[in-house]
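Report on the structure given below.
Values in this text are rule-based calculations from the coordinates and carry no lab data. Owing to the predicted nature of the structure, the values given are computational and were not obtained by experimental measurement. For neighbour counting, all protein chains shown are included, and Cβ atoms are generated from backbone atoms with ideal geometry for every residue, glycine included.
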Amino acid sequence: MLAPACLSRGKVSSSTGNDIHLAMGECALFIAMNRFRVNPARVKEFEQIWLERETHLQGLPGFVEFHMLRGPEKEDHVLYASHTIWRSREDFEAWTHSEAFRAAHANAGQSRREGLYLGPPTFEGFEVIQTINNEEERLMSNKQAYEQKLQAKLDEMQAEVDKLRAQAKGAEADARIEQEKEIDRLEAKREEMRQKLEELRNSSDDAWNDIKAGAERAWASLSESIEKARSRFK
């Protein structure tokens, strides 16, 4: 039997942003799938079982991501497929012999209730021989998600500053002057962070990671200053 010709090289990225670096000739990924034919009257029960189960997959060597897929509905069943992506077949096989695998499947017998499935699940394993991804789209998605996260932090900090300013109004004259000076410094730091966000929004995909590092430093400085102000305003 001929071994698969592995055409991928460089870097493959999952939807979570995890990068897997590959050498020429190295199989990019291994995809493990189980197909389930589920009683149409019990699809909610099946989905609940999977949504509530503990997978024990996070942090495993070689694990990339997991999807539970719902497919077409036939007269006697609805097709589902579990779709797990691994760095290699070896990583997948190592998992099947691990404590994590045994823990994840400890209650498998309980989930196979009479009448839930139309026959046993069917396993299929696939070795990836070619990967094509949209790196530009992935970078843009990550950038937009980070911008939204940063904006939420800014809004949160503004609420904290407003709360401190309201608190300062009730302080004695000398204390109020010092507290208002502290609040002005916080406002300056928040403005610095807002400018970083604008810079990030206007940056190219190539430059945004460097700008992100500056935004993280600005956020850390602002957070520390807020905490100090809270303790002094008590």
Partners for K153 among aspartates and glutamates (Cα-Cα distance below 17 Å; same-chain residues under 8 apart left out): D162, E187, E191, E192, E198, E199, E216, E224, E227
For the range 135-233: span of alpha carbons on each principal axis (Å, largest first): 57, 19, 17
Unsatisfied cross-links (Cα-Cα over 18 Å) in the set K149/K228; K163/K228; K163/K212; K44/K74; K163/K189: K149/K228; K163/K212
Stretch gain in nm, segment A175-R70, where the contour uses 0.36 nm per residue and the Cα spacing is subtracted: 31.6 nm
Net length gained if the chain between A166 and K44 were fully extended (0.36 nm per residue, minus Cα distance): 38.9 nm
Kirkwood Rh, Cα atoms: Rg over Rh of the range 55-102: 1.11
Per-pair calculated FRET efficiency, R0 = 30 Å: A145 and A103 via Cβ, rounded to 0.05: 0.45
Karplus (6.51, -1.76, 1.60) ³J(HN,Hα), θ = phi - 60°, over the range 37-49, in Hz, Gly and Pro reported as x: 9, 10, 3, x, 7, 10, 5, 5, 5, 4, 5, 5, 4
Linear extension gain, R201 paired with E124, 0.36 nm per residue minus alpha-carbon span: 23.4 nm
Backbone N within the range 36-77 under 20 Å of label point (7 Å from D91 Cα along the Cβ vector): 55-69
